[in-house]
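First comes the structure, then the notes that go with it.
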Amino acid sequence: MKNSEDLELQEQPVVLVTGCSQGGIGHALARAFAANKCTVVAASRSRSSMADLERDPRFFLQELDVRSEQSVQRAVKNVLEKYGCVDVLVNNAGIQCVGPLAEVPLSAVEQTFDTNVYGTLRMVQAVVPHMANRKKGKIVNVGSVAAMAPGPWSGTYTASKAAVHALTDTLRLELSHFGIDVVNVVPGAIKSNIGNSAVASYNQMPEWNLFKPFERAIRERAYFSQRSKSTPTDEFAKNTVATILKKNPPAWFSSGHYSTVMAIMYHMPICVKDFLLRKSMNC
């Protein structure tokens with residue numbers, strides 16, 4: 001006979017969040033879901049990157065590399081064996097890639113798409129059969145406002161997030177038949193560790209040839225979303241989780257610094273948009 005604690009646990013939504021390394025958006029989302037009485041599966045490539053959650057009973061930690069089919073299947077299997085379901089999947093795991101498209105190594109482009117796009121699809125394909133069987137579930141894909149007005153120096157990242165937006169729109173239509181809600185979360189400039197990660201990745205790039213004169217501007221692009229007016233991570237997470245947990249969540253939710261500006265730019269004439277992006281990105 002199950003005790004009351006087990007019964008209470010079953011009534012709590014089981015939320016699987018990828019990319020939960022401390023200091024990032026995923027970590028803040030995991031904590032915000034837990035604060036809303038959800039059972040949270042916090043996943044990251046390294047368990048040590050989530051060490052502060054280790055002894056908190058609200059979290060079930062999983063090492064998960066979204067680039068590996070084996071890792072994805074193992075983690076989802078562990079969750080299903082422990083809880084019997086995944087009510088909400090949050091595809092947050094992602095990496096930045098800064099560099100001019102004409103010279104950035106294709107290996108870096110492939111790694112970015114493997115994480116941001118194929119990683120998202122691997123997770124979707126792993127959980128959808130279980131959600132479809134239960135005729136309920138929510139899939140949340142984290143995109144970016146950068147995809148709404150692609151600018152110089154981060155074309156790889158922007159293209160990957162534009163692909164995520166397109167996949168999300170298609171999934172929303174295809175999965176509605178199974179009672180699965182699909183939400184596109186589109187962050188603006190949110191305080192996180194993505195700037196440091198982008199610079200660390202950028203430091204591994206080869207020396208530019210054609211774009212050597214733009215070296216400083218390219219490097220600064222890595223920190224563009226981390227300036228002083230960036231939205232605090234916890235604030236973004238709180239608002240996002242409240243939206244996701246609604247009975248009928250919206251198809252699109254954008255929040256954070258620059259989100260309104262980028263939405264306006266999306267509808268601007270291309271010549272105006274190009275002028276503003278060249279000026280802001282020193283292109």
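Below is a table of values for the structure above.
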{"read-out": "Enumeration of residues in the stretch 99-145 that are of a type in the set (Lys, Arg) and under 26 Å from residue 263 (Cβ atoms)", "value": "138"}
{"read-out": "Output for the stretch 191-215, where each listed residue is within 16 Å of residue 103 (Cα to Cα) and of a type outside the set (A, V, I, L, M, F, W, C)", "value": "201, 202, 203, 204, 206, 207, 209, 212, 213, 215"}
{"read-out": "Lone unmet requirement of (1) in contact with a helix residue (DSSP H, G or I) (Cβ under 9 Å, 6 or more places away or on another chain); (2) closer than 30 Å to residue 135 by Cα; (3) of a type in the set (Val, Ile, Thr) for residue 170", "value": "(1)"}
{"read-out": "Pick from the stretch 8-46, criterion assigned to a helix (DSSP H, G or I) and at pLDDT below 95, ranking: farthest from residue 142 (Cα to Cα)", "value": "8"}
{"read-out": "Hits in the stretch 164-221 - residues which are closer than 19 Å to residue 258 by Cβ and among the aliphatic types (A, V, I, L, M)", "value": "164, 185, 186, 189, 190, 194, 198, 217"}
{"read-out": "Entirely in the stretch 101-214, the helices (runs of 4 or more DSSP H) that have 2 or more residues that are hydroxyl-bearing (Ser, Thr, Tyr)", "value": "106-113, 155-175, 194-202"}
{"read-out": "Selection from the stretch 228-282 of residues that are modelled with pLDDT under 90, surrounded by 13 or more Cβ atoms within 10 Å (Cβ to Cβ) and not in a helix (DSSP H, G or I)", "value": "230, 257, 258, 282"}
{"read-out": "Qualifying residue in the stretch 246-267 (condition: in contact with a Leu (Cβ under 9 Å, 6 or more places away or on another chain) and closer than 21 Å to residue 142 by Cα)", "value": "yes"}
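The values are calculated or read from the model by the stated rules, or taken from the named source; none is laboratory data. Quick caveat: nothing in here was measured; it's all calculated off a predicted structure. Glycine gets a Cβ as well: all are built from the backbone with ideal geometry, and neighbour counts include every protein chain shown.
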